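Inspection log for the structure reproduced underneath, given as structure tokens.
The values are calculated or read from the model by the stated rules, or taken from the named source; none is laboratory data. What you are looking at is a predicted structure, and each value in this text was computed from that prediction instead of being measured. Glycine also receives a Cβ, built like all others from the backbone with ideal geometry; neighbour counts cover every protein chain displayed.
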Amino acid sequence: MKLNFIGKSDPGLIRANNQDNFYIDLKGRFFIVADGMGGHAGGEQASQIATQKIQEYLNTNWNSSTSPEILLEEALWEANKAILLDQANHPERSDMGTTVVVVVFGSGEPPWCAHVGDSRLYRLRESHLEQLTEDHTWVARAIKMGDITPDEARTHPFRHVLSRCLGREDLQHIDVKPLDIKLGDRLLLCSDGLTEELADKKIASYLQEYPPIDKAAISLIEAAKEEGGHDNITVVIIALE
């Protein structure tokens with residue numbers, strides 16, 4: 001199976017700076033999207049620390065006997081510790097944090113995903129788009145409990161309230177899971193700057209409409225900006241060919 005991949009990031013139309021970060025391993029082993037929070041400097045720093053620490057940890061330990069599941073989980077815990085250390089050294093950034101979603105492709109193993117927060121992983125299979133991650137947010141929990149509907153969640157005043165992110169002493173769990181993939185699938189890692197502006201149906205249409213994934217990535221970002229571009233927008237697309 002061959003992987004074709006592309007990543008794009010845009011500050012959007014409202015934000016003065018880009019607090020998103022992404023990383024693509026050129027060997028196609030792992031992919032990272034992080035969306036920082038905590039003010040102009042804090043959010044950018046948090047997402048940068050997380051992205052750098054995760055890719056360093058995966059590079060350093062890639063050939064170890066550790067399973068992809070444990071390797072991913074440990075990488076995110078190391079990123080959390082690194083952000084907490086930076087907070088301690090820089091009190092002005094004490095409220096910074098970041099969401100993150102990571103996918104790894106190991107030799108002879110199914111790919112695995114780890115995430116914290118509301119950056120998402122989607123899979124497009126034929127014409128069906130499925131969200132493979134579960135948002136760690138107040139509204140996601142309220143939907144699950146039946147307190148609000150998905151349509152209500154899109155405009156709910158608490159839709160940006162995270163229940164989990166990197167950069168917190170009280171972080172207790174990281175979601176890690178294997179992925180079911182097959183030839184022809186497309187995977188999309190993205191920050192909520194995309195999903196805040198575009199409904200899943202729209203995202204699916206752009207992923208299907210543009211077979212060249214670089215055009216699909218650009219089209220998704222431009223469409224999100226046309227809908228308002230209120231936040232930074234980052235997409236990483238992986239085509240399984």
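Checking every residue in segment 90-106 against the condition of being under 27 Å from Met1 (Cα atoms), surrounded by fewer than 18 Cβ atoms within 10 Å (Cβ to Cβ) and modelled with pLDDT under 95 gives at least one match. Looking only at residues of segment 122-157 that are within 19 Å of the chain's Cα centre (by Cα) and more than 26 Å from Gly184 (Cα to Cα), we find that the one that is modelled with the lowest pLDDT is Arg154. Among the criteria (1) closer than 16 Å to Ala114 by Cα; (2) surrounded by fewer than 17 Cβ atoms within 10 Å (Cβ to Cβ), the one Val33 does not fulfil is (2).
Name the residue that is nearest to Ile24 (Cα to Cα), counting only residues in segment 205-240 that are at pLDDT 95 or above and in contact with a Ser or Thr (Cβ under 7 Å, 6 or more places away or on another chain). Taking the candidates together, the pick is Thr234.
The set of residues in segment 22-63 that are small (Gly, Ala, Ser) and at negative phi comprises Ala34, Gly36, Ala41, Gly42, Gly43, Ala46, Ser47, Ala50. Set side by side, the residues Arg159, Arg154 differ, and just one is surrounded by 15 or more Cβ atoms within 10 Å (Cβ to Cβ), over 19 Å from Ala46 (Cα atoms) and out of contact with any His (no Cβ under 8 Å at 6 or more places or on another chain), which is Arg159. Of all residues in segment 200-221, none satisfies being hydrophobic (A, V, I, L, M, F, W, C), surrounded by 14 or more Cβ atoms within 10 Å (Cβ to Cβ) and not in a helix (DSSP H, G or I).
Okay, residues lined up against (1) in contact with a helix residue (DSSP H, G or I) (Cβ under 7 Å, 6 or more places away or on another chain); (2) of a type outside the set (S, T, N, Q); (3) within 16 Å of Leu121 (Cα to Cα):
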position: Ser191; (1), (2), (3): no, no, yes
position: Leu207; (1), (2), (3): yes, yes, yes
position: Pro212; (1), (2), (3): no, yes, no
position: Asn232; (1), (2), (3): yes, no, no
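Go through (1) touching a residue at least 40 places away in the same chain (Cβ under 8 Å); (2) more than 30 Å from Pro211 (Cα to Cα); (3) not aromatic (Phe, Trp, Tyr) for Ser64 and report which single condition fails. It is condition (1) that Ser64 fails.
Asp147 passes every criterion in (1) touching a residue at least 24 places away in the same chain (Cβ under 8 Å); (2) in a loop (DSSP other than H, G, I, E, B) apart from (1). Among the residues of segment 45-67, those identified as farther than 23 Å from Asp35 by Cβ and surrounded by 14 or more Cβ atoms within 10 Å (Cβ to Cβ) are Asn61, Trp62.
Of the strands (runs of 3 or more DSSP E) that lie entirely inside segment 21-130, those containing 1 or more residues that are of a type in the set (Phe, Trp, Tyr) and touching a strand residue (DSSP E or B) at 6+ places or on another chain (Cβ under 8 Å) span 30-37, 112-116, 120-125. Considering only residues that are modelled with pLDDT of 95 or more and surrounded by fewer than 18 Cβ atoms within 10 Å (Cβ to Cβ), look in segment 12-25 and name the one that is nearest to the chain's Cα centre (by Cα). That would be Asp25.
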